[in-house]
Amino acid sequence: MPLHYVYLVLAVAAETIGTTALQASNQFTRMGPTLLVVLAYGVAFYFLGIALKYIPVGIAYALWSGLGIVLIALIGFAVFGQVLDLAAILGLGLIITGIVVIQLFSTTATH
């Protein structure tokens, strides 16, 4: 895996941690999760910024947001007991399909 995709994966992981902590912060009323939100989003944007040196912004943001959406939906289901109906599952499948199409067929994406 090229190093710039490692940076993007780290950005996605940090964003996912930050968004999970955002849910756990109870609207910023719990100090620990609130601090984790700020730290994780800082790390996420730092690594996204590094990835943008090598990956076009549209592609990087599509991958970053798409992977983040799918991971957060799965965490919401597994950790917070949020229900995913058929439409949500199909939509998440389309997001994953879009990510695969970009990676396999786009000449804009760096490989």
For the chain, report the accessible area per residue in Å² (1.4 Å probe, heavy atoms, rounded to an integer). 61
What does the charge add up to near V37, with Lys and Arg as +1, Asp and Glu as -1, over the other residues with Cβ less than 12 Å from its Cβ? 0
Could you grab the relative contact order for the chain? Cα pairs under 8 Å, six or more apart, rounded to a whole percent. 29
Between A78 and L104, what is the FRET efficiency for a Förster distance of 22 Å, r being their Cβ-Cβ separation, to the nearest 0.05? 0.20
Largest first, please: the extent of the C-alpha atoms of the range 1-60 along each principal axis, to the nearest Å. 38, 19, 13
For the range 39-91, the percent of all C-alpha pairs falling in each 5 Å bin, from 0 up to the bin holding the max distance, is 4, 17, 20, 21, 13, 14, 9, 1
Taking the 0 to 90 degree range and rounding to the nearest ten, how far is the long axis of helix 57-78 tilted relative to the main principal axis of the chain, both from C-alpha atoms? 40
Could you give the angle, 0 to 90 degrees to the nearest 10, between helix 86-105's Cα long axis and the longest principal axis of the Cα atoms of the chain? 30
Packing-based ranking, highest mean first, of 80-87, 8-15, 38-45 given that Cβ atoms within 10 Å are counted: 8-15, 38-45, 80-87
Could you give P(r) for the chain, binned at 10 Å from zero, as whole percent values over all Cα-Cα pairs? 15, 40, 33, 12, 1
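The values are calculated or read from the model by the stated rules, or taken from the named source; none is laboratory data. Just so it is clear, the structure is predicted and the values come from calculations on it, not from any experiment. Cβ: placed from backbone, ideal geometry, glycine included. Neighbour counts: every protein chain shown. Areas reflect the complete protein model, heavy atoms only, side chains present, ligands, DNA and RNA absent. Shrake-Rupley method; radii C 1.70, N 1.55, O 1.52, S 1.80 Å.
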